[in-house]
Amino acid sequence: MAFIDNILQVPSYKWADNDGNLVKPSLRQLWSEAFARTNIFKTKKNWIPFINWALAVAMLPFLYAFLFYYFSWPLVAVAIVYAMIIMSTHGTIWFHRYGTHRAYTFSNPVWRFITQNLVLRTFPEEVYVVSHHVHHLKSDKPGDPYNSHAGIMYCMLSDVNHQPIAKDLGESDYKKVSNFLSHTGIVINSYAQYLKWGSVANPYYIVALLLANWTFWFTVLTLIAGPGLPCAMFSGALFWYVLVRAFNYTGHGGGKTKHVDGVDFDRSNLSINQIRPGLFSGEWHNNHHMYPESARAGFLKYQLDLAWIYIYCLHKLGGVSKYNDAKKEFLERFPDALGSTVKSVEPKNSPAVVQH
């Protein structure tokens, strides 16, 4: 099997059947897998999936305090903006374009650390980065960790069911996987530590950074406007943290071909350009799949790209030393994109789906 086929932990219901067709697990199977994967009493190697859910639970007291002690409509607006725009844009900037695709390079580690912690931390880099490499190479095929063909809950529970790395990698493969994260500045486990913890990221580092991040932002926001502000923003972060799991379902047409001529030029997968994710976070997803290593994904005039604006401004300030920008290449490839409908890359046949 190819290296990319081995790096994620295979769910109990498998990626595909014996004929290579996508397995669509039942809702019961999905939840059973999720609870098994988050059980740290069974094995400490489940610590990352456990952290994923524990963080959501840890944000619930802030939501309660906001709703029953500090509720106001201005703070509701703050929570919505924080969730829909700030958290979303940061996810594109840090996890997507830098963490996974290395679309730009920081001039020094200080700017990298600042960008990493611009918002509340909600999950370790490892959860997103490694699995997203698999997603790009196997988009909409069996093995895609958030395959929209398998349904929305397949995507919603993917962070615990499909995105953790395999626990039985050989030393050579583990080094390759750890290289996916070597540029992010996280503390990486040795191979011996990986065999103990089942992860690339060192758990002590991840927990310490999480506590420091939450303490910093709660303290700063409280000093700015009292405890109501951090409670509202933590609530917004929770809202984003839960709903972002649905993006790879909707961003790939819910498993259906929904490409629009003159809008979605890459037909090699089901990804589509959506207005809300595009304008609010720079996630012009079809453009991104065509040029994944580009620091800019908004190529047309109306495609506002807030993530690109941050990267470009940081470059002007000296925080980013270089970046990739595929806009010129896109317009050369599709010279009529700014006006009329153009010929797009033809779609591949969708894989068959099997009810497990």
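Bear in mind that the values in this text are calculations on the coordinates, not laboratory data. On a predicted model such as this, the values are computed, not experimentally measured, just so you know.
Decide, for segment 70-193, between rounded, prolate and oblate: order the square roots of the alpha carbon gyration tensor eigenvalues as a ≥ b ≥ c, take rounded if a/c falls under 1.5, and otherwise choose prolate if a/b is larger than b/c, else oblate.
Judged from the Cα gyration tensor, segment 70-193 comes out oblate (a/c at least 1.5, b/c at or above a/b).
Overall, the anisotropy analysis places the chain in the rounded class: the square-rooted eigenvalues a ≥ b ≥ c of its C-alpha gyration tensor yield a/c less than 1.5.
For segment 189-240, the alpha carbon convex hull comes to 77 Å³ per residue, rounded to a whole number. The alpha carbon gyration tensor of segment 43-111 gives principal lengths a ≥ b ≥ c with a/c of 1.5 or higher and a/b no greater than b/c, which makes the shape oblate. Per residue, the average separation of C-alpha pairs within less than 8 Å and at least 6 apart gives the chain a relative contact order of 26 percent.
If you take every DSSP beta bridge fully contained in segment 21-355, what fraction is antiparallel? Give it as a percent rounded to 5. Bridges in segment 21-355 that DSSP calls antiparallel: roughly 50 percent. Think of it as helices only: each DSSP H run of n ≥ 4 in the chain is worth -39500 (n - 2.57), and spread over all residues that comes to -13500 deg cm²/dmol at 222 nm.
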